[in-house]
1. For chain D, what is the mean residue ellipticity at 222 nm derived from helices alone (per DSSP H run of n ≥ 4: -39500 (n - 2.57); sum divided by total residues; nearest 500 deg cm²/dmol)?
2. How many partner chain Cβ atoms sit within 10 Å of a residue's Cβ in peptide D:309-322, on average, as a whole number?
3. Given charges of +1 on the Cβ of Lys and Arg and -1 on the Cβ of Asp and Glu, with all other atoms neutral, how large is the dipole of the protein assembly as shown about its Cα centre, in debye to the nearest 20?
4. Compute the FRET efficiency between C:Asp27 and D:Phe357 as 1/(1 + (r/R0)^6), taking r as their Cβ-Cβ distance and R0 = 51 Å, and round to the nearest 0.05.
5. How do D:His399, D:His88 rank when sorted from fewest to most other Cβ atoms within 10 Å of their own Cβ?
6. In whole angstrom, how far apart do the alpha carbon centroids of the range A:60-128 and the range D:28-46 sit?
7. For every other residue with a beta carbon closer than 12 angstrom to the beta carbon of B:Leu54, add +1 if it is Lys or Arg and -1 if Asp or Glu, then tell me the sum.
8. On average, how many beta carbons from a partner chain sit within 10 Å of the beta carbon of a residue in A:135-148?
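Coordinate-derived values only; no laboratory data. Note that the coordinates shown come from a computational prediction; the quantities given were computed from them, not determined experimentally. Neighbour counts are summed over all protein chains in view; Cβ atoms, including those assigned to glycine, are modelled from backbone coordinates with ideal geometry.
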Amino acid sequence: MNTEFELFPEAASTNAPLVDHLYLFMLAFSCVMTILVAFLVFYFAIKYRRGNNRVDRTQTPPSNRAELIWIALSVPFLMFIFVWGARVCFALVRPPQNAMPITVVAKQWMWKFQHPEGRREIDTLHIPINQPVHLQMISQDVIHSFFVPVFRVKQDVLPGRYTNEWFQATKPGEYRLYCAEYCGTNHSRMHGRIIVQTPEDFADWLAGGTGSEEPPEVAGQKLFEQLQCATCHRPGASGAQQRGPSLEGVYQQPVALNNGRTITADDAYLRESILRPTAKVVAGFQPIMPTFEGQVSEEGVLNLIAYIKSLGKQGEPNPPPSKGGVRGGIPDASKSKEPSGATRSSQVPSSDLSPEAKGGTP
Amino acid sequence: MSAAQASLKTYFTVYALLIVGLAATVAVAFVHLGFWNLPAALAIAFFKATLVVLIFMHVKYSPRLTWIVVSAGLIWFAIMLALTIADYVSRSWIPERPYSVQPTEPQGLEPPRSFQTPGNKAAPTAKAQ
Amino acid sequence: MSTPAAAPPLPIHTAIDRPHFALQFDDYHQQYDACVLGMWVFLVTEVMFFGAIFTGYAVYRMLHHDAFAMASNELDITLGTINTFVLLTSSLTMALAVRAGHVGNSKRVGQLIVLTMILGATFLGIKFFEYYHKYEDHMAPAFGLPFEAPKAVNDAGLAGPFQLFLSFYFGMTGVHALHMIIGLGLLSQFLPRSSRIAPAPGAAVLSALNIEVVGLYWHFVDLVWIFLFPMLYLIDRSDTI
Amino acid sequence: MSATLEAPAIPPATPPTRLPRNYLNAAYTVRSWLLTIDHKRIAILYLLGVTVFFCIGGAAAVLFRLELMTPEADLVESETYNKLFTLHGVMMIFFFLIPAIPAVLGNFLIPIMIGARDMAFPRINLLSWYLFMIGGAFTLFVTVAGGVDTGWTFYAPYSSTYSNTYVMATAVGIFITGFSSILTGLNFIVTVHKMRAPGMTWFRLPLFIWSHYATALIMILGTPVVAMAILLVALERGFGIGIFDPKLGGDPILFQHLFWFYSHPAVYIMVLPAMGVESELIAAFTKNRIFGYKFVAFSSLAIAILSFLVWGHHLFVSGQSIYAGMIFSMLSMLIAIPSAIKVLNWTATLRKGSITFDTPLLYALGFIGLFTLGGLTGLFLAAMGIDVHVHDTYFIVAHFHYIMVGGTVMAYLGGIHFWWPKITGRMYPEGWARLSAVLVFVGFNLTFFPQFILGYNGMPRRYHVYDPGFQVLNVMSSAGASILGIAYLFPITYLIWSLKYGPIAGPNPWNAVGLEWMTSSPPPTHNFAHTPIVDFEAYEYPSSSAAIADTHGN
């Protein structure tokens, strides 16, 4: 919480120095240029004022040498800044391999976090020091923006699509989190806190959780069974009665589609295949899977995806989650039977089902 | 000022070509060309459009300024379309790891624990200190 | 005043000794050039106006290709083709009217303008019939009307993009129809008036200019439909034969 | 500047011999004003409208600057605060910055500067004013009825589904005002192409005309796209046709693409005319030929063309792909070059001139300094690495205010003072004018320089409640805003005062070179007794032309 006046913001992440170096370089360049222009203006204004006729005003024939030199100098310099800026942005965008995945769901004027161990938080995020953290974010209503000034990171959180962000904290402490994209009445009250702790404190905090929150893949498995997904996606089954492609180890593997294109199965593809199944049908299967739009909440989808990721082939762990984006539309497995509302078991945590599903017919 | 007037015959030939173009574009739609359906439809539409612009709208006989204005309209529409589509096409390309800009491993402090995604069942246990 | 280069000769038949032209111009040629250039610059703004919604359509067609193909097959292709034919014919009659205007044969101009307006009205008639047809099938995605996509689309979970296509269909053809109505309004100024009102001096010359300008607008509206028809109606009809 | 509305701004019956027969005293009836097709009277009508809207936008700014004195919310509620900054944004951009210089100074001067009797389409010129006022009426109705709280950018999911304020009426208002801008642009292009006096070749045109021609190109090519984008939001909101709705598979970023395709070139619609005024002021008060006339002229066109290729730098963190971001970042770097050339050439024009420090030149020199700072901070934002951190913070607010207020408003005030004798035939009081120029410069810098620091510290934009750590800089900014607010009241008062008591200015009080100074001031209804034949170069000032006539070879 920055309560005291500061001229330059604190830097508390591995990427912050990269941004600061570029910023200070540009600051220096701007000061030099402004002083140069200001000096020239004052010098000429005073020297060539009308009253002063001791100065020679013979005109030299106009030559465009000065402008050409100016263009020749500025183009390479501008390209240099462009490349430097792009390199810094690449570092900000590509999460390292061993990042801790945290899911963020932004809602009008609050942030909901979920740790891989299942711990859920609202408006505050506990992270260990020196541990790259990869945030997978989605919004339930309007566009928000996850902005932590001391980490020098910002990424809009969009409704209907995952966006990613990563940082690695270097200094323990409590830092401010803002929503940077205007999102309505309490936009200015949608701030939160990032609490960076040493690994030991973080472990204690993690253990100290109420324990009732199971990890997302366990919640996902329950939801998977309760929605009878297994009838088509029977693990290990193959041959005639296989109506849906098996999901073991499908995460991040190339998937052939029935319109001839192949695509890697990342989070965005899995999410779209749950909500709009026949957008991209896997080769060799019929587009008969019903949509679950409106029956499963955002948290539910995230849990299902976590479960699918956990279905890695025995022994060989799945590669890490990578930055998803809007896929060109890939259908997923199909399912034969419509899940009837009656057989819903009660033990599924209520937040996984979307309000409509709980509240009655979707 | 379109001083030279196109003869009546030209108007009717252009009209005939337009009708042929219409028939062609409808026919092509019923043939499954997969990816090539769109370019074919666009090509026929552009052919018909250039006919209308050059003859019916007298651009063929107009001064050079009219040509510039017409092409400016096309070019600006192309700029908007191309740069917007460029964003949508390249969204799913995942940037490779920049070789030189590695996040500096802070010395002295304990190395980041190798955190596997929840794929393997063993929940990442904090290192027993 | 454009630089006093050799002004191209006036169309022979309309050479009237003192052509009536607006005060701020110096001669008829300058007014003619200015008005034609003005209309062309306005047509560029129209290209960008339609271009914006075409860009939106192109982006969504790329993102939801299958849903758009299914939705496009819901549109009635025969009515679409007839409509295009009607509009191309109206473009021909408009071009002939402009030519007759230059030749100064005002009786012929009146006939051709009436023909063009009839064709334009037919186009609008067919268009609104198609809208009504969609409204009946509960496929008009506006005003909170009941909107049910066909069973196959709903099962496939593509009801969203299906409605998106129809939103674009109604949006684009609606704006185009609005431009048609404005066009009909502009054309109505050339309808043959009763002979009692004596035409103002130089009216024939001015009407030749006005017809040329309105002709450019009408041809532009036809141009937009030339692109609209294949984009909306003919995405992929191969599996419907 | 803004006389009372019912009596048109006509000087009282001074002895007729003093003020010649001109467009102002040609007729006094209200009908002669409201149905005028004289481009000079339309310019005066625009002047009144633009000033009223500037005052409304300015009042909103002062109000929320007061609110931001304290971290907590104590002056207004959050909804009201959001409505205030939206009103400030919409009023200032659509109803002041875009129409100000082109519609007031451009309408008045372009026909006179090229030796024409009037615009190519005078009736369309009047229609443009009516559309502008109707659009303004819509926005005023919205302000009175309850305000709109989406910000001037109207981003899709919030403006189309989640906001329950008067978004629809504001969208219609801006849609109508967009067409006023299109018609003005259309008029400028056709007039410059077809209505130039004999001998007025393209390279004898004043640079004022070049920059307004480039601005007209942007108005023509950009405005229809935002008209369609806002129409789509209105369709989605009013008729339930989902276009940017993510549930239907729509993409809110598509709205941002269409919106910024216009809105970045729109910032060049705001600054290019100011550059045109700047060239005129520098040439007139240094009595010197503009250094590198052709470079300055073509850099206006280069800015107009390049401005359509760079809009993606507004979407670096909005989920746009990084590769598209790289294309936009590189192109955004290139657009800095034409602006840099203009600043270089203005500074070089000062060399070997004979400079008189009248008020317009004070505004012009202020423009050079502040526009340089504004332009350089633009380079920060073009570099993707920094923009990720400073996007949607006060760094951005400071950047565009340096260009808009430091650039466009300073040049607008400079232009109004420079051509005031030509518009009204009377001189303004020099002493008061210089004081207000200095006050504007000081107040401006005190308001917006602290915001650069606030921005990099991480204070987000559009925040009603902020952290205590930012309070010191916010209080400085609010102090500056009060100085700026008062400084803007000075010109309004002494210019109205000058209508009655200002000394009679002759046809060329500044003895500047240009067709507008060759006719009486205020000029007659048809600008020139007989159409002038132009046989002199653009800025042929006697003191410098003698030495150069032979070397120039004509």
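1. Numbers: 18 runs with 343 residues, N = 554.
One gets -21000 deg cm²/dmol as the mean residue ellipticity at 222 nm.
2. Numbers: counts 3, 1, 3, 4, 0, 0, 2, 4, 13, 8, 14, 7, 13, 13.
If you average over the peptide's residues, the count of other-chain Cβ atoms is 6.
3. Numbers: 80 positive and 78 negative charges, 692 e Å.
Approximately 3320 debye in magnitude.
4. Details: r = 47 Å, r/R0 = 0.91.
Result of the calculation: an efficiency of 0.65.
5. On the way: D:His399 24, D:His88 21.
Ordered by Cβ neighbours within 10 Å, fewest first: D:His88, D:His399.
6. Answer, in whole Å: 52.
7. On the way: positive: B:Lys48, B:Lys60; negative: none.
Computed value for this residue: +2.
8. Values: counts 0, 0, 0, 0, 3, 0, 5, 10, 10, 0, 6, 1, 8, 2.
Neighbouring Cβ atoms belonging to other protein chains average 3 per residue here.
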